[in-house]
Amino acid sequence: MLTRSEDFYKKVSKLCDLGKHDQALECFEKVLSANPNDDKGDIFFTIGKTNEALLCFDKAIQLKPDYIQAYFKKGIASRVIEKCNESLECFEKAIELKPYYGDAYANKGATLIALRKYIEAIECFDKAVELEANPVHAYLNQGTCFHRLKRFREAVE
């Protein structure tokens, strides 16, 4: 049985790449039973079972209400299935728990784009850049917002 997280993730990733989702899930279950801190929702999300992933993230939050990563991952999964208001709430909670979490600001901005709240999204991307969280994507997403607002000069800056 795998005991190191990186070995586990490599194996699960390889199984997923090969389309062997059931084996990946079985591997994950073995590791999860040995290490309950590993997040079962990750594997469900990876194999496209987003609703099951959301249930796992909810359970993780129920067990540990200050588990920032569970809110973050739930936010991403919720956005994928177009539950953008729920996604937004998750990123806001992650930011509340960790105010300097740049990736949460960037993903909140992406969710705001989906909600067509471009001005608010730009503010989130500004904060993400300030916190040095994935600045390339933040700048690209800002450009998208400016373009959709027909502020073309700012879009190309």
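The values are calculated or read from the model by the stated rules, or taken from the named source; none is laboratory data. Everything quoted here is computed from the prediction, not taken from an experiment. A quick note on method: Cβ atoms are made from the backbone with ideal geometry, for glycine too, and the neighbour counts reach across all protein chains shown.
Worth a mention:
- Flag for residue 111 being hydroxyl-bearing (Ser, Thr, Tyr), touching a Lys or Arg at 6+ places or on another chain (Cβ under 7 Å) and free of Cβ contacts under 8 Å to residues at least 60 places away in the same chain: yes
- Options 106, 128, 121; residue that is in contact with a Pro (Cβ under 8 Å, 6 or more places away or on another chain), at pLDDT 90 or above and either surrounded by 18 or more Cβ atoms within 10 Å (Cβ to Cβ) or not polar (S, T, N, Q) (or both): 128
- Members of region 47-61 found to be assigned to a helix (DSSP H, G or I) and not aliphatic (A, V, I, L, M), listed by number: 50, 51, 52, 56, 57, 58, 59
- The residues of region 67-81 that are surrounded by fewer than 21 Cβ atoms within 10 Å (Cβ to Cβ) and under 9 Å from residue 111 (Cα atoms) amount to a single one, 76.
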